[in-house]
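Data block below; observations after.
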Amino acid sequence: MHNACNDAIPNYNKPIRTKSTGKSLWNKNISEAASKITKEKHALWKNGGAPKDKNNPLKSHLTTAKRLLRKAHRQAYASQREKLANQIMTTSSSDNKLFHKLLRTQRSDGNRLTKTLRRDNQMAETNEDILHMWTDYFYELSYPDYKQDFDYEKYELSTLQNTIIEKIEKGKAKIEPIREEEIHDAVKKKKLKTENPQISMESQPNTTKR
């Protein structure tokens with residue numbers, strides 16, 4: 001039957017060719033602009049000896065192209081999320097297809113790696129820059145600037161406490177336990193001095209010079 005239809009109808013079952021611009025959320029901006037530029041810059045960088053120096057023009061141009069490509073990716077992800085949110089808001093509650101699509105989206109792990117990191121007025125977008133920014137951050141935490149508003153009294157107290165704890169742990173400072181008899185003797189002496197102050201004075205040695 002298909003052979004008869006092919007002979008009778010010229011365009012019967014004619015395959016349709018479409019040009020793909022990438023998988024999933026890829027669009028023309030990513031495929032034709034950012035991705036193409038990145039490939040060109042990478043080829044120039046590789047043919048130029050693949051320099052590692054950031055100040056090298058080939059390296060800096062490649063880094064800029066990669067940033068533009070990642071920016072296009074983030075914009076595409078945001079557009080996809082916005083489109084799905086609008087579909088959820090406007091669709092009917094009986095749309096099971098969209099419901100299961102939302103479930104698959106929520107259950108999928110996705111890419112959870114940090115793509116950008118902002119600190120103060122600085123922005124890091126490459127893995128190397130993000131690593132350096134985290135390194136600087138933890139370095140400043142380890143070595144605080146004491147010239148700023150800082151509680152020196154609290155710092156000295158905590159330092160003293162840490163020193164005492166360290167000595168105790170290492171056995172350099174041993175705390176002798178107090179016996180119950182010593183506590184009773186101290187209480188009796190205190191009580192005796194309170195009730196008979198004259199006895200307390202007489203019990204003290206006479207150190208007055210004549």
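The values are calculated or read from the model by the stated rules, or taken from the named source; none is laboratory data. Remember, predicted model here, so these are calculated numbers, not experimental data. All Cβ positions, even for glycine, are placed from backbone atoms using ideal geometry, and neighbour counts span all protein chains on display.
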Criterion first (modelled with pLDDT of 75 or more, within 30 Å of Lys59 (Cα to Cα) and not charged (D, E, K, R)) does Tyr155 satisfy it?
no
If the requirement is being at pLDDT 75 or above, of a type in the set (Gly, Ala, Ser) and assigned to a helix (DSSP H, G or I), which of these qualifies: Ser60, Ser31, Ser35?
Ser60
Just the residues that are among the small types (Gly, Ala, Ser), surrounded by 10 or more Cβ atoms within 10 Å (Cβ to Cβ) and modelled with pLDDT of 65 or more, please, taken from segment 169-210.
Ala186
Only one of these is at pLDDT 80 or above and basic (Lys, Arg): Lys97, Lys66. Name it.
Lys66
Within segment 45-73, residues hydrophobic (A, V, I, L, M, F, W, C) and surrounded by 13 or more Cβ atoms within 10 Å (Cβ to Cβ) come out as Trp45, Leu58, Leu62, Ala65, Leu68, Leu69, Ala72
